[in-house]
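Notes for the one structure printed next.
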Amino acid sequence: MSLALVAMSHSPLLDYVQPAPEVTQELIGVFDRARAFVTEIDPELVITFAPDHYNGFFYEVMPPSCIGTSAFGVGDYGSAEGALPVRTDLAQDLAARVLESDIDVAVSHLMALDHGAVQPLETLFGGVDAVPIIPVFVNGVAPPFAPMRRMRLLGEAIGRWAAARPERILLVASGGLSHDPPVPQWATADERARELLLAGKNPPAEVRAARQQRVIDTAHAFAAGTATIRDLNPEWDQAFMGDCASGDVGRFDAYVADEMAEQAGHSSHEVRAWVAAFSALAAAGAYAIGERFYRPIPEYIAGFGVMTATTED
C-alpha cells in the first residue's frame with residue numbers, strides 16, 4: 001500500500017499570539033491545502049511522529065523513542081484532553097516488528113500526548129477522533145539525543161511495516177523547525193525546574209498556567225525584538241526542508257546534535273520527528289513532494305514549515 005505524509009511545525013501559540021494579518025491568512029491557506037490533501041488521501045490509519053515538552057515524558061525515564069498502544073491528550077494550551085483513538089492491536093504489532101528490526105524502541109500502554117502530537121490532528125482533521133492513530137514519541141527536547149541515523153533507522157523500520165499493511169496510511173510529523181523557546185535545560189535548571197523535568201506529571205493548574213504564560217510573554221518579547229532567546233534561522237530551515245525533499249534520507253545522518261542547537265536553537269531537535277517520518281516514507285519507495293511552505297514567524301517562536309508528500313506509483 002502506498003503511503004502519504006504531512007510534516008508540519010506546531011506552536012502552542014497559535015491561539016494565543018496574533019501575527020500580522022497577511023501571515024495569518026497565509027497560514028489559513030496552507031492549512032486548508034493540507035486538509036484538502038488529507039481528504040483526498042482519505043487515510044484509514046494515521047501514524048503520528050511527535051516530540052513532547054515535559055508533559056508526558058520526563059527525565060525519570062527518557063527514551064529516545066516510544067510507541068503508544070494507548071494514549072490520551074493532556075490538554076495543554078487548549079489542545080484536546082482525554083482518550084485518543086489508538087489502534088492498540090496494530091500499535092503492538094508495529095512495536096514488535098520494529099524491535100525485530102534491531103531497533104530499540106520503548107512501548108507505552110498509557111502515553112500522554114501534549115500539543116505537539118495533538119495540534120496537527122486537530123488542524124488536519126478538525127478533531128482527534130476522525131481516524132485511528134498510532135502515536136510515536138520522538139525525543140526532541142531532552143538531551144542527550146540519539147544520533148540522527150537512529151531516527152532514520154527507526155523511521156525506516158516503521159515504513160517497512162506500514163508499506164506491508166493493507167490500510168491507507170498517513171504519516172504525520174510534528175515539530176521544528178528552528179526555534180529556541182524558554183524550555184528549561186537540565187544542565188542549567190534550578191532545583192525547582194529540575195523537579196518538574198524529572199517527574200512533573202499532572203502539574204497543578206496554577207503551575208501549568210504560569211508555565212504557559214511564560215512562553216506567551218516570551219513570544220511577545222521575541223516578536224518585539226527584546227527576548228534573549230536564539231533567533232530563528234531560515235537558511236538552516238530551508239536547507240533541512242531541502243534534505244527532506246531530496247528523497248535521500250541518508251543526508252539526515254550528517255546532522256549533529258550540538259551543531260543543531262548552536263545553529264537553530266535547542267528545540268530544533270524536534271525535526272527528528274520529520275526525519276523519522278520521511279525515512280518511513282522513503283522505505284516504501286521513491287516519493288514526490290507536493291506542498292512546501294515556509295515562513296519564519298517570530299510571534300510563534302518558530303521557523304514554520306509544512307510539507308506534503310506521497311510515494312510514487
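The values are calculated or read from the model by the stated rules, or taken from the named source; none is laboratory data. Remember, predicted model here, so these are calculated numbers, not experimental data. Neighbour counts are summed over all protein chains in view; Cβ atoms, including those assigned to glycine, are modelled from backbone coordinates with ideal geometry.
Tabulated results
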item	result
Yes/no for ASP231 being loosely packed, with under 15 Cβ neighbours inside 10 Å, of a type in the set (D, E, K, R) and either closer than 18 Å to ALA173 by Cα or at pLDDT below 95 (or both)	no
Failed item, numbered, when LEU13 is tested on (1) among the hydrophobic types (A, V, I, L, M, F, W, C); (2) closer than 30 Å to ALA193 by Cβ; (3) modelled with pLDDT of 95 or more	(3)
Some residue of region 274-294 being part of a helix (DSSP H, G or I), in contact with a Ser or Thr (Cβ under 9 Å, 6 or more places away or on another chain) and either of a type in the set (Lys, Arg) or under 21 Å from THR218 (Cβ atoms) (or both)	no
Out of LEU45, LEU99, LEU94, LEU27, sole residue that is of a type outside the set (Asp, Glu) and buried (at least 22 other Cβ atoms within 10 Å of the Cβ)	LEU94
Those residues of region 78-91 which are part of a helix (DSSP H, G or I), surrounded by fewer than 22 Cβ atoms within 10 Å (Cβ to Cβ) and in contact (Cβ under 8 Å) with a residue 24 or more places away in the chain, in sequence order	GLY78, LEU90
Pick from region 197-244, criterion among the acidic types (Asp, Glu) and in a helix (DSSP H, G or I), ranking: nearest to the chain's Cα centre (by Cα)	ASP237
Test: residue in region 255-264 that is buried (at least 16 other Cβ atoms within 10 Å of the Cβ), closer than 25 Å to PRO21 by Cβ, of a type in the set (Ser, Thr, Tyr) and in contact (Cβ under 8 Å) with a residue 24 or more places away in the chain	no
